[in-house]
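Any read-out appearing in this document is the output of simple, stated calculations on the displayed coordinates, not a laboratory observation. All figures in this text were calculated on a predicted structure; none of them were measured in a lab. No Cβ is skipped: glycine too gets one built from the backbone with ideal geometry, and neighbour counts run over all protein chains shown.
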Amino acid sequence: MLEAIALLGKTLDSGEKLVENLVRDVKFSPGLHLVKLDFREEGLDNLRLIFDIEEIPQEPEERRKFLTAWRYVGNASGNNPQIFLTTDTLHYLTGPVISNLLQELKLMGEDNSELALKLRLIRDTAFVKPESGEAVLDLARLGLEAEGEGKGGGKGVKKRSKEAARWVAEILLKEVSRRTGLTKKKIGLWTLLYNGKPLIKFHPYDQVILRYRLAGFEGEGVVQGVCSVCGEEKEKVSAIAFKRLQFFKPYITDKVGFASGVSKSGFTRNFLICEDCFRAFLVAENYLPQKLSLKVGKLDFLLLPAFLIPLSTPAWRQEFPYLVKKLTHKTQGFVDFAAIAGERDFEKELQEFLGELSEEGEENQALLNFLFYQKPPGRSEFRILGYIRDVAPSRIYNLFRRSNELVNKGRNLLGGRTRDWWLDLTRIYSLLPLKEGDKTEHKKLLYVYQGLLKGEPIEYAFLIGEFVELAHLYLTGGFKGTNQREPKPGYEELALAQQLLRAGFFLKFLRQENLLRGVKDLPEVGQDLAVGPEMKEYLTFMGYTEPQAALFLMGYLLSEVGRGQYKAGHESKPVLDKINYQGMNWFRLLRLANQLFEKLRQYDRLQYNYNELLYTEMKRLLDRYRDNNWPLSPEENVFYILSGYAFGTKVATKKEKEGEETDVQT
């Protein structure tokens, strides 16, 4: 993982200024602006404040150039002093930034630099120091009147030591809004100018940025040793440099309790990094969330390519961004194809995408690593949830094509749209009922993803249990606090049917890929199965065994009873109460089978759809196991009953939409 990130950073850092690679993107929305606070000289020892605005470009490449020009590198992390002149937080500029930056320049030996001289003049002329705390912008000295306590803001500042900078920022924001017409939501960034020239242009501001990010290679924590990333012996390696990372910060290297041997020196055993690798990390961690961050449901992950060819040539460096873009785009197809297709013609987009997959090239040049993570908003913590490594792009493309094959069969067998039967990582996410807020639930999902992407077997019993739990969730309406989207009122049963049938297709998908472990070798149904052609084609294609088919027929007949109950005036379908979602053993199956005949007769459904014939076939298959050697588990029994129920619901809905008579042989 560390090697892949360092390699990515070294490839991106092509000899340009490192600081330009540290520029961050903003959370963009149309009409977002940069506000320039321009301190203009007006007579001896007097400044006035002028406001200027500039719209932040919408197009990503132009926006990056804009943010690079204005040196937006984010804010200092954690409890580190705020020192950056372009920021998204106004009260940093009305409070600590100038004083902190002057202190930083002094430590650098740049106390008499052009930047320091300008900052000192602004501080001495336009700031006031409260009774306690840091210097704060004094609007009164700039000729601006503040609303509230103290005309001009001076008295108000003195009364509000800790909150002074925020208080002044609120007043300044109102004044900016009044003069420019911009609302708070339309202001993305703030920066400082002096006599019309950006302060970020003065020497040595770029060195300030670099010194902050590379602070881990000065003073305490720097030793001679082996870099944990590249494995080379170096004169200077650091155990604390990781603290300066802003996005990718997976290791705790500042709390003794997390150190090897529970001592400060313990970090030097496992978490050393050289400056070259760390510079690569700085570049990569800025690139990762912008270019290689994907999402499945509520789970974030990074796509880390590890290339199999030399990366040092200029031609390769030029090709690199396009190759990464292609890999990411094609991987996104199997992550969430609906996001690519959008609201447009799903089928048309699918065919175009399949054409892209047939193009030769990048799949032979890289392996893909999937780093699943959690990063709480506003916190530096980066929690790694799982890491799936060395996945060939061709593996993902083949899974995508397999999904397409099943989509076509699903449409032929059950009707509906292409998107109804599509299977990708996001659809698979929706097949597993996950509790939100449970820190361990993601393990179930990553277990399935690991099997799919790496070609490792997945336990059949585990999936069956998850699918039964999913059905129970739908039937009880317990969607709150889960990853499941609540269906529209009146569509609950149809939504459940769709999910159960899609779960069946997923099992078929895994069988075709030889990824199911723990499936018993039982005889599949043959052409002598006495059911209608539509049902027979479905059962044959899905590879149902005789016991599974018997339960499927039981479930289908339950759906017929349910339809009878609905027509008889029941608001719900009481027949579903016959199913125990904790599992049903052989004796409960026999009891349900006997009750089913009476229910079909009671609700006048025995003669419809050749149900009597289907009941006879169900009994024939069950009777083969009447000596108490039933091969399926209680959870399997429930799943295949529900699968038949879902099939009956879907077929009935399909025929109603087509305007056909529903009481015909199925």
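Stretch LYS184-GLU218 to full length: gain in nm at 0.36 nm per residue minus the Cα-Cα span?
Gain on stretching LYS184 to GLU218: 8.3 nm.
Between PHE51 and ARG624, what is the spin-label point distance in nm, taking each point 7 Å from the Cα along the Cα→C-beta axis?
Each label point lies 7 Å from its Cα, and together they span 8.1 nm.
Starting from 0 in steps of 10 Å, tell me what percent of the Cα-Cα pairs of the range 31-207 lands in each bin.
10, 38, 38, 13, 1
So for the chain, taking the charge dipole from beta-carbon charges (+1 Lys/Arg, -1 Asp/Glu), which of LEU357, PHE467, TYR72 sits furthest toward the positive end?
TYR72
For ASN398 and LEU613 in one chain, what is 0.36 nm times their gap in residues minus the Cα-Cα distance, to one decimal in nm?
Here the segment from ASN398 to LEU613 would lengthen by 73.3 nm.
So, with +1 on the Cβ of K and R and -1 on the Cβ of D and E, and no other charges, what is the size of the charge dipole of the chain about its Cα centre, to the nearest 20 debye?
Magnitude of the dipole: close to 1520 debye.
Suppose we keep just the DSSP beta bridges with both residues in the chain; what percent of those would be antiparallel, to 5?
80
Can you tell me the order of 500-511, 417-428 when each peptide is scored by its average per-residue count of other Cβ atoms within 10 angstrom, highest first?
Output ranking for 500-511, 417-428: 500-511, 417-428.
Amide H to amide H, which residues 5 or more places from HIS33 or on other chains are under 5 Å from it, using H placed in the peptide plane?
ILE56, ILE187, GLY188, LEU189
First measure r as the distance between the Cβ atoms of LYS326 and ARG601, then evaluate 1/(1 + (r/R0)^6) with R0 = 60 Å and state the FRET efficiency to the nearest 0.05.
0.45
Once the dipole of the chain is set up with Lys and Arg at +1 and Asp and Glu at -1 on Cβ about the Cα centre, which of GLN498, ILE56, THR183 lies farthest towards its positive end?
Result: THR183.
Compare the Cα positions of ALA341, LEU304, LEU600 along the charge dipole of the chain (+1 at Cβ of Lys, Arg; -1 at Cβ of Asp, Glu; about the Cα centre) and return the one farthest towards the positive end.
The Cα lying farthest towards the positive end belongs to LEU304.
Note the listed values (1) 53, 36, 24; (2) 42, 33, 27; (3) 63, 29, 23, then indicate which one is semi-axes √(5λ) of the Cα gyration tensor in Å calculated from this particular structure.
The calculated read-out lines up with (3).
What does the charge count near ALA550 come to, summing +1 for each Lys or Arg and -1 for each Asp or Glu among other residues with Cβ under 13 Å from its Cβ?
Net charge around ALA550: -1.
Which net charge results for the neighbourhood of GLN565, defined as the other residues with beta-carbon distances under 9 angstrom from its beta-carbon, given Lys and Arg at +1 and Asp and Glu at -1?
+4
State, to one decimal in nm, how far the label point of GLU486 lies from the label point of HIS570, with both points 7 Å from Cα in the Cβ direction.
Calculated label separation equals 2.5 nm.
Fully extended, how many nm does the chain gain between ARG588 and LYS655 (0.36 nm per residue separation, minus their Cα-Cα distance)?
Full extension from ARG588 to LYS655 adds 20.9 nm.
Take the alpha-carbon centre of the range 28-85, take the same for the range 223-243, and report the distance between them in whole Å.
35
Given the peptides 88-96, 74-82, 455-463, 644-652, arrange them by the average over their residues of other C-beta atoms within 10 Å, most packed first.
644-652, 88-96, 455-463, 74-82
Count the net charge of all other residues whose Cβ sits under 14 Å from the Cβ of ASN580, scoring Lys and Arg as +1 and Asp and Glu as -1.
Net charge in that neighbourhood comes out at -1.
Of LYS409/LYS650; LYS249/LYS443; LYS326/LYS443, which pairs sit farther than 27 Å apart, going by alpha carbon to alpha carbon?
Among LYS409/LYS650; LYS249/LYS443; LYS326/LYS443, the Cα-Cα distance tops 27 Å for LYS326/LYS443.
Straight-line reach from LYS106: which lysines have Cα under 17 Å away, leaving out those fewer than 8 places along the same chain?
By straight Cα distance, LYS106 reaches LYS118.
Sort 483-492, 272-281, 407-416 by packing, meaning the average of other beta carbons within 10 Å per residue, with the highest value first.
The packing order, highest mean first, is 272-281, 407-416, 483-492.
Treating only the Cβ atoms of Lys and Arg (+1) and Asp and Glu (-1) as charged, compute the dipole magnitude of the range 526-625 about its Cα centre; round to the nearest 20 debye.
300
Is there a quick way to get the dipole size of the range 31-207? I mean about its Cα centre, with the Cβ of Lys and Arg at +1 and of Asp and Glu at -1; what is the value in debye to the nearest 20?
Charge dipole of the range 31-207: 420 debye, to the nearest 20.
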